[in-house]
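Data first, discussion second: the structure below is written as structure tokens.
The values are calculated or read from the model by the stated rules, or taken from the named source; none is laboratory data. Everything numeric in this text was worked out from a predicted model, so none of it was measured. A quick note on method: Cβ atoms are made from the backbone with ideal geometry, for glycine too, and the neighbour counts reach across all protein chains shown. For accessibility, only protein heavy atoms count, side chains too; no ligands or nucleic acids. Shrake-Rupley method; radii C 1.70, N 1.55, O 1.52, S 1.80 Å.
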Amino acid sequence: MKVGIVGAGYVGLTTAICLASLGHKIIVYDKDREKIAKIKNKKMPFYEQSLQNLLEETISNGSLSTTKYINELIKNTDGCLICVGTPTKNNSIDLTQVIEATADIAQSIESNKKSNYIIILRSTVIPTTTRQKILPYLKEKLSQPFGLCVVPEFLREGQALEDFMNPDKIVIGSIDEKSKTFVEKIFEHFKNTMLISTNLETAELIKYTNNSFFSMLISFSNEIANIAEIIPGVDTFNVLKALISDKRITTNFNGTKIVPALETYLMPGCGFGGSCFPKDVQAILNYASSKKIKTPLLNAIIEINDERPRKIVSLAESILGSLQNKHISILGLTFKPNTDDMRSSPALEAIKLFQEKNAIVFAYDPMIRNEYVNDNKSLNFHLCNSIEECLTNSELAILFTNWSEFKSIDSKLLKMYMKNPVLIDGRGFLNENKFEKNCYFKIGYVE
Ligand code: NAD
């Protein structure tokens, strides 16, 4: 099928590469021309380990092509997926990119006199957006019949290819049968996957429910950690491990225990970040509140999460006293490993707080180089090129991201480089047996 992808970010480019590899003819457009030039030259514009080879392959065999012009994309395709960003502005969803993309698409459909063109919203949008904002706009602008769907994306950064190629469900919210059939054909390869065929609003709410649920597990774990930390000797990780073993969570199949992937969300830490959980929980609770619906649970998810970086800074103060002019080492800047995404990263939130306390911050992340921090000019920290450089002369190290490279850290390394060899493990990621007493503090546990 000939399909266009509008917006070549984490979701758009992953979708483009994967659909092209499944045999579709895909054209990708982004208003960021530098991004398009990179893709055309077979270079990933962001880090997603498993996609580079497939990008090279699909561009080389012609199944994936790029364009700098939306008109060219519309002219040569029968439908397109809108994959632009939907950030938050004043705690509500900011639809600027979606509205702009829709306007450009509509104009091109009209100028190309395309009949029955199918527009598919892949971006995460608040329930009723598509029916109340996008549909009336398209009806007003288009003289030709068209189709409209909401098909949310559920991939996780860091394992985008794996998630896209092994979906647990495909949700299709559509206005009519022909729009639905078009999407079914795009995803024909996944015919054994559960298909949830529904209306636009249900599809929109499914995505928010997914993200709210997993955020809730993280905040729940952090609330348990807050309690465990006032009881010396109680390790939150053990408490939650016991919970996960419950047969209503871990099932037993022919004597083999099947531990669900949600165990990675039932862990205390420095809180969730990234481009989805924080903004999506905030946007849906704000939508509910605009309709006079109370959301105490969703409010608590955010409240507990916002507290996590502050908690780390308080722990630092309890170890070092005043943080004025103290040299702090931040290990990990991305919101999770295997991505270069720093959006709403807890590490950046903590750096802001350390700055307010006049600490001197050094940071190292295996994926982050100077060009990435340009967007964060308000943050004043020294970006290092190695763990060792980051630890040199430091008075406290804090692990924010569980990059596998950090597994090698132990007391010996801390002592070799740091002025005061102490580390806070914000993810409970390191082997505590490799640390001397009073060198290692773990979130969710007080000796
Ligand atoms: P992103 O910021 O990485 O990418 C968005 C892209 O859209 C950018 O390259 C931008 O230049 C481009 N763009 C903006 N306006 C445009 C326009 N008018 N025309 C063409 N291109 C335009 O965003 P993302 O992380 O890929 O997320 C996209 C959507 O998918 C969001 O709604 C997000 O909530 C949702 N989502 C994201 C993830 C994730 O893990 N990142 C997972 C599931 C769903």
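Report the normalised scattering of segment 213-442 as log10 I(q)/I(0) at q = 0.08 Å⁻¹, calculated by the Debye formula with identical scatterers on the alpha carbons.
The Cα Debye sum returns log10 ratios of -0.31.
Nearest 10 degrees is fine. How inclined is helix 296-320 to the longest principal axis of the chain, computing both from alpha carbons?
30 degrees
What accessible area per residue comes out for segment 1-44, rounded to a whole number of Å², with a 1.4 Å probe?
In whole numbers, segment 1-44 has 41 Å² accessible per residue.
Sorted by accessible area with a 1.4 angstrom probe, largest first, how do Phe146, Phe441, Phe253 fall?
The ranking, largest first, comes out as Phe253, Phe441, Phe146.
Tell me, what % of the accessible area of the chain is carbon and sulfur with a 1.4 angstrom probe?
50 percent
Excluding residues fewer than 8 places away in the same chain, name every one of the aspartates and glutamates whose C-alpha is closer than 15 Å to that of Lys336.
Glu48, Glu157, Glu349, Asp365, Glu405, Asp425
Given contacts defined as C-alpha pairs under 8 Å and at least six residues apart, what's the relative contact order of the chain, whole-number percent?
12 percent
Please list Asp32, Asp410 from largest to smallest accessible area, probe radius 1.4 Å, with all protein chains kept in place.
Per-residue accessible area, sorted high to low, gives Asp32, Asp410.
Given the options Phe354, Phe406, Phe272, which has the most mean-square fluctuation in a GNM of the chain, springs set between C-alpha atoms less than 10 angstrom apart?
Phe406
With a 1.4 Å probe and all protein chains left in place, how much accessible area per residue does segment 213-442 have, in Å²?
Here the residues of segment 213-442 average 49 Å² of exposed surface.
Show that you can apply the helix-only estimate: for the chain, add -39,500 (n - 2.57) for every DSSP H stretch of four or more residues, divide by all residues, and state [θ] at 222 nm to the nearest 500.
-12000 deg cm²/dmol
Using only Cα atoms, figure out Rg for segment 2-198 and give it as a multiple of 2.2 N^0.38 Å.
Cα-based Rg divided by the globular estimate yields 0.95.
What cysteines in the chain have no other cysteine with a beta carbon less than 4.7 Å from their beta carbon?
For the chain, the answer is Cys18, Cys80, Cys83, Cys149, Cys270, Cys276, Cys439, because their Cβ atoms have no other cysteine Cβ under 4.7 Å.
Taking amide H positions as placed in the peptide plane 1.01 Å from N, state which residues far from Ser92 in sequence (5 or more) or on other chains have amide H under 5 Å from it.
The answer is none.
Per-residue accessible area for Lys89 at 1.4 Å probe radius, Å² rounded to 10?
Only protein atoms counted, so the area is about 120 Å².
Can you run phi through the Karplus equation (6.51, -1.76, 1.60; θ = phi - 60°) for segment 98-111 and list ³J(HN,Hα) in whole Hz, with x for Gly and Pro?
Per-residue couplings from phi come out as 5, 5, 5, 5, 4, 5, 5, 5, 4, 4, 5, 4, 5, 5 Hz.
What shape does segment 221-290 have by the C-alpha gyration tensor, where a ≥ b ≥ c are the square roots of the eigenvalues, rounded means a/c under 1.5, and otherwise prolate means a/b greater than b/c and oblate the rest?
It is oblate, given that a/c is not under 1.5 and a/b is not larger than b/c.
If you wrap segment 93-146's Cα atoms in a convex hull and average its projection over all directions, what's the area in nm²?
In nm², the orientation-averaged hull projection of segment 93-146 is 3.5.
Provide the packing ranking of 425-434, 242-251, 20-29, i.e. peptides ordered by the mean count of other C-beta atoms within 10 Å per residue, highest first.
Descending mean neighbour count gives 20-29, 425-434, 242-251.
Given a 10 angstrom Cα cut-off, can you work out which residue in Asn192, Asn222, Asn254 is the most mobile in a GNM of the chain?
Asn254
With every protein chain left in place and a probe of 1.4 Å, what is the accessible surface of Lys2, to the nearest 10 Å²?
About 100 Å², ignoring ligands and nucleic acids.
Please give the contour-minus-distance gain from Glu110 to Thr88: 0.36 nm per residue of separation, less the Cα-Cα distance, rounded to one decimal in nm.
4.9 nm
Modelled label-to-label distance, Glu34 and Phe253, 7 Å Cα→beta-carbon offset: nm?
Inter-label distance under the simple model: 4.6 nm.
Sorting Tyr47, Tyr117 by accessible area (1.4 Å probe), largest first, what list results?
Tyr47, Tyr117
When the chain is modelled as a GNM with alpha-carbon springs shorter than 10 Å, which of Ala347, Ala103, Ala225 fluctuates the most?
Sorting by GNM fluctuation, first place goes to Ala103.
Relative contact order (percent) for segment 2-198, with alpha-carbon contacts under 8 angstrom and 6 or more residues of separation?
20 percent
Å³ per residue of the Cα convex hull, for segment 115-226?
119 Å³
Met416: accessible area at probe 1.4 Å, nearest 10 Å²?
Accessible area of Met416: about 120 Å².
Return a whole-number percent for the relative contact order of segment 213-442, with Cα pairs under 8 Å and 6 or more residues apart as the contact set.
After rounding, I find 17 percent.
Evaluate 2.2 N^0.38 Å with N set to the residue count of the chain, then give the Cα radius of gyration divided by it.
1.05
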